[in-house]
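Read through the structure below, which is laid out as structure tokens, and then see the notes.
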Amino acid sequence: MIGVEVTRFRSFATLVLAVLSCLVLLNGCSGTAAPAKSDQVSGKQETPSSAKSEAPDTAKPSEKTTSSGEKYPARPIDFIVPWGPGGGADQLARKLSPLTEKILGAAMPVINVAGATGATGAAKMLASPADGYTILVFTADALTSIAMGGTPYTHKDFDSIIRGMARASFFFVNTDSPYKTWQDLEKAAKLQPGKVSVATAGEGSSDDLTVAYFAAKDVKMSSVPYPKPGERYAALLGGHADVLYEQAGDVRQFLTSGQIRPVIAFNEKRVKGFDNVPTSKELEYDILLPQFGTVVARKGTDPSKIKALGDAFKKAMDTPDWASFAEEQLMMEDTYMNPETVTKFLESEYNILVNLGKEVGLRK
């Protein structure tokens with residue numbers, strides 16, 4: 001009897017294995033993969049291969065197919081701002097992000113990573129994969145820091161996407177300041193070298209380079225670094241700094257309220273809305289250094305992803321909402337640049353900065 005039962009058990013087991021084998025074969029033929037576990041906390045999703053197998057037949061109009069066949073974007077894109085909240089870079093990202101999200105159909109959370117004149121945020125981006133899911137606001141200050149030899153990376157470690165902001169910079173003083181004009185400020189800096197303090201973004205920034213340039217012209221001021229924009233503004237308003245290097249759009253509220261005023265604009269011609277403010281060019285100071293904000297990805301990112309991002313950003317910048325923002329920020333009329341133009345622009349600015357850094361002895 002035992003032999004008979006063993007035989008029946010073996011026959012039954014064989015039948016079960018046969019059925020399971022058929023099911024596996026059928027499942028493989030249908031092309032249906034087991035669903036990957038999602039990570040709702042971190043926002044991470046499937047690998048590109050599994051995402052591809054589960055994608056619907058008809059993709060959203062905003063989705064693009066990369067050269068590898070991946071649908072992009074398939075998950076949120078981190079938008080790193082390498083400065084604290086409130087400044088031009090932060091405002092650029094926070095305005096551009098929601099407009100672009102509607103076009104791409106993917107979230108684009110803004111992440112502030114301040115420190116080391118933009119180097120901390122850049123390091124975070126460069127530590128991420130070159131997959132198009134981490135982008136960075138790259139500013140004139142960051143490029144200046146590179147040109148002065150203060151970073152372990154260069155502008156060539158990034159793939160340019162767009163230039164989204166370009167503005168003239170100014171020296172601002174408190175309305176109650178004894179320096180009523182540029183001539184007042186210039187005279188004080190010559191008579192008492194180093195006494196006049198300037199709130200800047202940090203060592204090796206465009207602000208710092210400008211202060212060094214004037215020192216080389218015997219207009220000696222001291223540069224006081226404040227990595228967070230709000231700290232710089234508070235320093236001027238609270239009397240802890242005599243001068244602020246900034247762009248007018250970033251401090252519009254203080255200009256409107258009459259708390260601060262500009263004494264010099266770093267531009268070739270007078271800036272619209274500031275017709276009574278002399279420019280560095282007309283005062284025969286050969287320094288401009290326009291403040292700009294570009295958006296970049298890590299070098300080696302799929303060109304089709306760069307194009308998808310660039311096209312989406314351009315559409316966002318063509319909206320009335322963006323036009324109002326650009327006017328409010330007092331942007332230059334030719335602000336927008338596409339990936340190819342931005343790459344050439346950054347190289348040109350880099351060379352200007354290197355030569356200027358050598359001239360004033362700031363380049364390491």
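Quick look at the values:
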{"item": "Some residue of the stretch 205-223 being crowded, with 22+ Cβ neighbours inside 10 Å, of a type outside the set (Phe, Trp, Tyr), under 28 Å from the mean Cα position of the chain (by Cα) and under 30 Å from Gly300 (Cα atoms)", "result": "yes"}
{"item": "Check on Thr301, in contact with a strand residue (DSSP E or B) (Cβ under 6 Å, 6 or more places away or on another chain), over 30 Å from Val211 (Cβ atoms), assigned to a loop (DSSP other than H, G, I, E, B) and touching a residue at least 60 places away in the same chain (Cβ under 8 Å)", "result": "yes"}
{"item": "Given (1) at pLDDT below 70; (2) out of contact with any helix residue (DSSP H, G or I) (no Cβ under 8 Å at 6 or more places or on another chain), number of the condition Thr66 does not satisfy", "result": "(2)"}
{"item": "Tyr226 vs. criteria surrounded by 18 or more Cβ atoms within 10 Å (Cβ to Cβ), in contact with a helix residue (DSSP H, G or I) (Cβ under 7 Å, 6 or more places away or on another chain) and at pLDDT below 95", "result": "yes"}
{"item": "Residue check for Lys180: assigned to a loop (DSSP other than H, G, I, E, B) and basic (Lys, Arg)", "result": "yes"}
{"item": "Filtered residues of the stretch 256-272 (kept if in contact (Cβ under 8 Å) with a residue 60 or more places away in the chain and either assigned to a loop (DSSP other than H, G, I, E, B) or over 24 Å from Val219 (Cβ atoms) (or both))", "result": "Gly258, Gln259, Asn267, Val271"}
{"item": "Residues of the stretch 74-87 satisfying the condition of being of a type outside the set (A, V, I, L, M) and either closer than 16 Å to Ala107 by Cα or over 10 Å from the mean Cα position of the chain (by Cα) (or both)", "result": "Arg75, Pro76, Asp78, Phe79, Gly84, Pro85, Gly86, Gly87"}
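The values are calculated or read from the model by the stated rules, or taken from the named source; none is laboratory data. Quick caveat: nothing in here was measured; it's all calculated off a predicted structure. FYI the Cβ positions are ideal-geometry reconstructions off the backbone, even for glycines, and counts take in every protein chain you see.
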